[in-house]
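Chemist: Okay, handing you the structure first.
Bear in mind that the values in this text are calculations on the coordinates, not laboratory data. The model shown is predicted, which means the values in this text are computed figures rather than measured ones. Virtual Cβ from ideal backbone geometry, glycine too; neighbours counted across all protein chains shown.
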Amino acid sequence: MRILIAEDDVANRRLLEATLQRMGYEVVTTQNGEEAWQVLQGDDAPSLVILDWMMPYMDGIEVCRRVRALPKPRLIYIIMLTAKGQREDIVTGLSAGADDYITKPFDREELQARLQVGERMLELQKTLAEQEKQLAVTRAVLLERERFDAAIAAMDDGILVTDGDWRITSANRAACRLLNLPMEAWMGMSLEDALAPFTLSEPLSEMPLAHGSTIAFEIGRLNTQPPLYLDAHLTCLFDPPNTLSSTVLTLRDITAERHAQRLQANFFMLVSHKLRTPLTIVGGFLDLVHRLPAERFLQERESLLDICLSELRRLEETVEKLLNFKALSTQQFEAASQHTDVAAAVAAASEQIHSRYPSKTIAVTTAIAPDATHVDTRADHCQILLEQLLDNAAKFGDKDPVRVAVEVERSDPSRLRFSVRDNGPGIPHEYYDRVFEGFVQIEEHVTGQVPGLGIGLFTARQIVRAYGGDISLQSRLGEGTTVTFTLPAAASAEESVL
């Protein structure tokens, strides 16, 4: 290690130089503080320094002060060597920036021990500086990674990363949704297993893998109605020599694009069918009534009139839903404050559903927490919202009885969380977001056989959003669906007084 000596006395300087060289140090000597200061400003300045206190031009104290005042701190360990040995002298030297203090005449073994302490301190400081630098780099990388991960997580396109063994190391929310990956168990899953439920336009084993190459292919789920189509791009990264290190798979749902034109035409077909069918039935039965003999009409009038009234109610419900859809689609829809009883709203919605589907057995249960009995919404808005969700459960229910559980609890001091759970057929995972859009029905081709218009969940979302809430669903095919949403909580009587 290099060491700097600043000593104006020739004899002392030579003695120090010889002593330090025998200890194995590379010695740089200067005759005064000015020379020492010039050397210490250089990029290759020694890290160990022995300074005499009393020197011409610039004393050791001033050299210490200047070194410690450098704009770019240096790892320099300074030992002050002087005949001054009083307590106040030691304090002055250490306060000026010296790290240690030796009085003249020096003891060789003591000097060597103090220099070894200096070396250890310099090594520790160097290690600490490197660790701090690495920590700063790591923090910057983590911050950028957090920002990147947040952006990736919010993307609509799926992104999935594997290691060199084709095992998943990262997947954003969209990728988990599109491939229906288990939320907490996909880490380490093989890509082959993740894609096993789907049909690939080109098998993974036959793809021409090359460094930096991107392979485009399609992923489809063709054995369900409706099918799912994903546009996929696989990018491969290799380490020398030609060893696969990782892959990046991007996924984009192109099902909607494939069916965009068909859906546009299907909308008019759907509405036309939903309006024309009851009119056709009523018209046909009225024509039949017109041609029936009076005696026969009197015998069958109750049955005929019941059918006509039923179809007219069906037509009325369809028109009402379309009008509600139109009203809730405009910017004029606004939330309004009102102290609404949750239990009463559930009961009113349940009564409507039972009257609407008299041939079905529908069991609606409620569990309302004591601190979640009232919402701060208009009563009709709350009832319409609940009615839409209960209607979906009853309309699509494939079990007897149709079971619907409504649970309400306080999610935070200002909001209530509603959960409406049914035992119906469930919803495919790729529809979790799309079903909240208008006129979306879960069938590949519009047949008119799927009940409703596909606007119930859209209506529910519009109401929830108007009151500053959020709505989402979870579902398992064959087991049922749970729709969760939040609404503002109404203040209690005690809170209102306060």
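Chemist: First measure r as the distance between the Cβ atoms of residue 355 and residue 150, then evaluate 1/(1 + (r/R0)^6) with R0 = 56 Å and state the FRET efficiency to the nearest 0.05. Don't skip to the end; give the middle numbers.
Modeler: Values: r = 48 Å, r/R0 = 0.86.
According to the calculation, E is roughly 0.70.
Chemist: So what is the relative contact order for the range 370-422, in percent, with contacts set as C-alpha pairs under 8 Å and at least six apart?
Modeler: Working: 40 pairs, mean separation 18.2, N = 53.
Relative contact order of the range 370-422: 34 percent.
Chemist: Show me the trypsin sites (Lys or Arg not before Pro) within the range 157-208 that DSSP assigns to loop and that have at most 16 other Cβ atoms within 10 Å of their Cβ.
Modeler: none
Chemist: With a point put 7 Å past each Cα toward its Cβ, work out how far residue 474 is from residue 238 in nm, to one decimal.
Modeler: In this crude spin-label approximation the distance works out to 4.4 nm.
Chemist: Right, another one. Mind listing the Cα extents of the range 122-241 along all three principal axes, in Å, largest one first?
Modeler: Taking max minus min along each principal axis of the Cα atoms, the range 122-241 gives 70, 34, 21 Å.
Chemist: What's the lysine pair count for the chain at a Cα cut-off below 20 Å, pairs eight or more apart or interchain?
Modeler: 9
Chemist: Can you give the three extents of the C-alpha atoms in the range 2-129 along their principal axes, from longest to shortest, in whole Å?
Modeler: Dimensions of the range 2-129 along the principal axes of its Cα atoms: 36, 30, 28 Å.
Chemist: Now, a different point. Could I have the simple spin-label model distance between residue 409 and residue 141, label points 7 Å from Cα toward Cβ, reported in nm to one decimal?
Modeler: Each label point is offset 7 Å from its Cα along the Cβ direction, giving 4.1 nm.
Chemist: Looking only at the chain, where both bridge partners belong to it, what percent of the DSSP beta bridges are antiparallel (to the nearest 5)?
Modeler: Bridges in the chain that DSSP calls antiparallel: roughly 70 percent.
Chemist: Same structure again: Roughly how compact is the range 339-497, stated as its Cα Rg over 2.2 N^0.38 Å to two decimals?
Modeler: Working it through for the range 339-497, the quotient is 1.03.
Chemist: Given the range 123-180 reduced to its alpha-carbon atoms as identical point scatterers, what log10 I(q)/I(0) does the Debye formula return at q = 0.16, 0.17, 0.29 Å⁻¹?
Modeler: Values returned for q = 0.16, 0.17, 0.29 Å⁻¹ are -0.65, -0.69, -1.06.
Chemist: In a Debye calculation with equal point scatterers on the alpha-carbon sites of the chain and no solvent, what is log10 I(q)/I(0) at q = 0.05, 0.07, 0.08, 0.11 Å⁻¹?
Modeler: Evaluating at q = 0.05, 0.07, 0.08, 0.11 Å⁻¹ gives log10 I(q)/I(0) of -0.46, -0.66, -0.73, -0.99.
Chemist: Mean residue ellipticity at 222 nm from the helices of the chain, using -39,500 (n - 2.57) per DSSP H segment of n ≥ 4 over the full residue count, to the nearest 500 deg cm²/dmol?
Modeler: For the chain, the value works out to -14500 deg cm²/dmol.
Chemist: Continuing with this model, one more query. Calculate the spin-label point distance for residue 365 paired with residue 301, positioning each point 7 Å from the Cα along the beta-carbon direction, and give it in nanometres.
Modeler: Distance between the two pseudo-spin positions: 4.7 nm.
Chemist: In the range 1-64, which chymotrypsin sites (Phe, Trp or Tyr not before Pro) fall in coil by DSSP and have 15 or fewer other Cβ atoms within 10 Å?
Modeler: 57
Chemist: Under a Cβ-Cβ cut-off of 14 Å, what is the net charge of the residues other than residue 247 that fall near it, where Lys and Arg count +1 and Asp and Glu count -1?
Modeler: -3
Chemist: I would also like to ask the following. Gain in length, residue 167 to residue 68, computed as 0.36 nm per residue apart minus the alpha-carbon separation, to one decimal in nm?
Modeler: Working: separation 99, 0.36 × 99 = 35.64 nm, distance 5.36 nm.
Difference between extended and current length: 30.3 nm.
Chemist: Compute for the range 332-414: radius of gyration divided by Kirkwood radius, i.e. Rg/Rh, restricted to C-alpha atoms, rounded to two decimals.
Modeler: 1.01
Chemist: Using alpha-carbon pairs under 8 Å, 6+ residues apart, how would you state the relative contact order of the chain in percent?
Modeler: For the chain, the relative contact order is 8 percent.
Chemist: Residue 336 to residue 200: extension gain in nm, 0.36 nm per residue of separation minus the Cα-Cα distance? Intermediate results must be reported in sequence, preceding the final value.
Modeler: Working: separation 136, 0.36 × 136 = 48.96 nm, distance 5.08 nm.
43.9 nm is the gain from fully extending residue 336 to residue 200.
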